[in-house]
Protein chains: 2
Amino acid sequence: MLTDMEIARAATLRPIAQIAAAAGIPADALVPYGKYKAKIDFDFIRDVQARPDGALVLVTGISPTAAGEGKTTTTIGLGDALNALGTRSMICLREPSLGPCFGMKGGATGGGRAQVAPMDEINLHFTGDFHAITSANNLLAAMIDNHLYWGNATQLDPRRITWRRALDMNDRALRSIVNGLGGTTSGPPREDGFDITVASEVMAVFCLSRDLDDLQARLGGVIIGSRRDGSFVYARDIKAHGAMAALLRDALMPNLVQTLEGSPALVHGGPFANIAHGCNSVLATRLGLKLADIVVTEAGFGADLGGEKFLDIKCRFAGLAPACAVVVATVRALKMHGGVQKSELSREDVGAVTRGLDNLDRHVENLRKFGLPVIVALNRFTSDTDAEIAAVRDAMARQGVEVCLCTHWSDGAAGAADLAQAVRKLADQKAGDFKPLYPDDMPLIDKIRVIAREIYRARDIDVPATVAQRLASYEKAGFGRAPVCIAKTQYSFSADPTRLGAPEGHVLPIRQVRMSAGAGFVVAIAGDIMTMPGLPRVPSAESITLTDRGEITGLF
Amino acid sequence: MLTDMEIARAATLRPIAQIAAAAGIPADALVPYGKYKAKIDFDFIRDVQARPDGALVLVTGISPTAAGEGKTTTTIGLGDALNALGTRSMICLREPSLGPCFGMKGGATGGGRAQVAPMDEINLHFTGDFHAITSANNLLAAMIDNHLYWGNATQLDPRRITWRRALDMNDRALRSIVNGLGGTTSGPPREDGFDITVASEVMAVFCLSRDLDDLQARLGGVIIGSRRDGSFVYARDIKAHGAMAALLRDALMPNLVQTLEGSPALVHGGPFANIAHGCNSVLATRLGLKLADIVVTEAGFGADLGGEKFLDIKCRFAGLAPACAVVVATVRALKMHGGVQKSELSREDVGAVTRGLDNLDRHVENLRKFGLPVIVALNRFTSDTDAEIAAVRDAMARQGVEVCLCTHWSDGAAGAADLAQAVRKLADQKAGDFKPLYPDDMPLIDKIRVIAREIYRARDIDVPATVAQRLASYEKAGFGRAPVCIAKTQYSFSADPTRLGAPEGHVLPIRQVRMSAGAGFVVAIAGDIMTMPGLPRVPSAESITLTDRGEITGLF
């Protein structure tokens, strides 16, 4: 079997200006980055604002397992299939982080015949957006410490600095550091740490900004810490937001690439969905809606995590109303939720599938709470038996949900034709009646509780007094209308990553909260969740090499 | 008077493919980054290798002062003037670092009518090369700590790790840190620190590599630390070099931009000259020599610092033999070397000019030790008087050195026409007889001493026993033939930045040495020299902002 990289190399890509032209983007609106990548300039984006919007389709999934589900491939395959059916579609994806590339996940550009290209460039530096975000994050950090060094005119309490540094790297040694050592010329020392760039508030601000003005204003509103009296100090108080916005200016233009089948794809922004809000940029999605009849976009991890945040945070802020949601599942992943070990997944086990369907059922129910029609995309493996697939169909039929078998991984657009037909039908029917899960004016602690109960099916939340006080201080400071971003393991509805299936009645521990005032949401950290991953025992970086022809091997 | 930014905005740039075509680079060899920047691909670079080389001209300067000398503008103005005379020229410059942009220096793209463009893009992220270098540096760091975390199979002594992290930012709080805090899952803790990216050995490797193979091999040879028995551990021992090379692959293609007068310029790589070797990439310079009759290139800071390293390190490794050297000076800067305060520079003071000429004399003498013919470029200010200029001409005439008055800052190419004529004459005469200052097979400590005595005019060097032992260990490990890179203040021939003019008889303290085995040189740190700058009391970042038209103001 060919690897993803081999399939990608065998494909003939078209010049990006051709892809753009077919999508209705003129050549003079493109800022090329190499032959197959381009940014789309702000003038063009302003020019298309008066156009009507296409329909928005969310691709989300069951709780992820080690078996893999194929959410990105489904997003790409669906976009390709819609185009093949003659529906103008635009695919909107997140940009990959460098961290997982060198860890163990590999790339994030799809797989098989459902890929965006050029995969090596997209997975490595792409158009430099994440580097710009890292720089903006760290410029603010350097200006904070410089502010302390030169006398601390804002009276920021050095013990209450909440802004952390960032790198787009899996680097556990930087999670927790003491900086400012070395004496008078480098101090004062203080506790500090690095998050991975995709967890930075700058990433969230970047992804939620509607335009450059909004970006600069949001950056000014970023909280960097507080004074002894508890009042917040903002990035604008140390005049950092203008330079941060300058660093992000070019990055904020959405990136256009193509799928292996020549569909256009906007790949822009990329917060992780477990430790951040998990969806691509508002600018890219809104641009896509002006250009296409159907925009297919992905939210990270399961429907409970990335899906909920897409709906409650991104759609709320950007005024988006999805037409429907596609939940991606596989028989193999359902069997894992049903208790089967990874090594045993190729053996038929209808009972395990049925048990695992509890997880899928739960996600379908959850999405309907947002008023969305749901379709299940079942990515087919050769080891799946007819009886196992029938079990999925039967269970979903009881909920009135259509199951579409998908083979876009091996067959490209043709393998997602049924799914595309079903999606197009729902989009045409306008059957959706989207509403967020909770209103803006609910108290912050109640928002956390509603998500915990309605989505995670927890009995309650455990909120220590210090956390409750902090939430109260956010409300007092005027942030009470903010939505909540739950930072949580992606593997379980509970905070325990080993509890697969559909656990309920648990208590969700809220260890910590942070006010992302620039992004406009409160982060609630549920259980043990790292904002800086580590590398595994044998990082994939060890196998990466340049051949004598300058090709990268071992990346995928 | 117009600002540099206003002059730059008023200029009409040509599409980069037109600039490339005029320089003999076909469109299919270009990898565009926006409309006015492009990388040049490796296939084309390989194709031109059989061509003869043009002449190489080094632009260097007197010891820099707060008055400014205009070395970058002279490099650009000279290139423009040569082109205007009908000599095909190529300008080779370093890429700017983000650090000084947000500190106080401003941009590094020239000034007045002698600029490379687009200045804001070149000064901010450009084509992402420095971000790639930062990532490669920090991937190695993350892999080192990950190696300790998972059992330290190489038996690297955690107390003897010499590899540091890097950011392209002025951030003194990161100079010296303790990382790995937070317990079992993040540790073990150890002392660590960040250098600015331009000081990273990866930057030096990048700038000295002849091609991708050489790059990967050099990265493998980077020393990360040593074992208890003193033996070195290399990047290849933890299999980091392949992934580092993958991160740097695209960055290693030289960047083509244009001057405001439409001359081609290769802007690629950018180590600082005080804490690193101070010149643009070997790949860019060698490519320039294949494309142009005269390549004009700049080395950072004074002729003692960047100039010496250009000649003893870059030219030695790359097999380059410059045709001549241009030493840039101004009457104002000479007066500062003669003891005048910055506020008094506009008043005529022939005596101070004469005293300050000691500095220029010294640099001219030094450059002749390398067998190079020398020309002095005197950048004219309106406050300069005829008597002051005559003092410079007279002093240089005694050394047989031509002084060319330059006004390219205000007049563009026409303002450097005399200089261009003089340079072309020297290049045509082939009067140069370049040789490095010391041979490869001299002991390392003697190399340091030769540079200190011949260039810095020190009576001797002060080398603590621990430093001498370390130099001996480098020789024992097989690195005895390496040249030496002196890390030193740029303001004085001595290690004391306040001693302007031409001090002599001092002792140069060698505080520390480091083996940059991947780059291929030994770094000798003379006196107090920071490898991570700090921000000033009022960083220029505070004045940077995005206008509502998306333009960056306050950067220059």
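No value in this document is a laboratory result; all are computed from the given coordinates. Just so it is clear, the structure is predicted and the values come from calculations on it, not from any experiment. Please note: Cβ atoms are built from the backbone with ideal geometry, for glycine as well, and neighbour counts cover all protein chains shown.
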Label spacing, shortest first and in nm, from residue A:464 to its equivalents in the remaining copies (7 angstrom along Cα→Cβ): 4.3
Within straight-line cross-link reach of residue A:239, aspartates and glutamates at Cα separation under 17 Å, skipping those fewer than 8 residues along the same chain: A:145, A:213, A:214, B:171, B:542
Span-rule helices in chain B, defined as complete DSSP H runs reaching 27 Å or more along the axis (Cα) with Kyte mean at least -1.0: B:129-149
Ranked list, fewest to most other Cβ atoms within 10 Å of each Cβ, for A:129, A:496: A:496, A:129
Charge sum, other residues only, whose C-beta stays under 13 Å from residue A:314's C-beta, Lys/Arg counted +1 and Asp/Glu -1: +2
Cα pair distances exceeding 15 angstrom across the range A:411-457, given as percent: 64 percent
Cβ-based exposure ranking for A:304, A:548, B:237, in which fewest neighbours within 10 Å come first: A:548, B:237, A:304
Copies compared at residue A:551 - label distances in nm, ascending, label defined 7 Å from Cα in the Cβ direction: 4.7
For residue B:499, label point 7 Å along C-beta direction: distances to other copies, nm: 7.2
Volume per residue that the Cα convex hull of chain B spans, once the total is divided by residue count, Å³: 148 Å³
Amide proton proximity set for residue B:521, modelled H, under 5 Å, gap of 5+: B:516
Where N is the number of residues in the range B:408-556, Cα Rg divided by 2.2 N^0.38 Å: 1.46
Gyration tensor (alpha-carbon) shape descriptor, the range B:130-247, a/c threshold 1.5: oblate
Cα shape, the range A:328-389, gyration tensor, a/c 1.5 rule: prolate
Candidate aspartates and glutamates - alpha carbon under 20 Å from residue A:425, same-chain residues fewer than 8 apart omitted: A:53, A:80, A:293, A:298, A:402, A:433
Sorted by Cβ density within 10 Å, fewest first, the residues B:206, B:479: B:479, B:206
Student exercise, chain A dipole from Lys, Arg, Asp, Glu Cβ charges, in Debye to nearest 20: 1000 debye
Anisotropy class of the protein assembly as shown from Cα gyration tensor, a/c 1.5 cut: prolate
Charge dipole (debye, nearest 20) of the range A:1-126; +1 at Cβ of Lys and Arg, -1 at Cβ of Asp and Glu: 100 debye
Volume of the Cα convex hull of the range A:444-526, divided per residue and given in Å³: 76 Å³
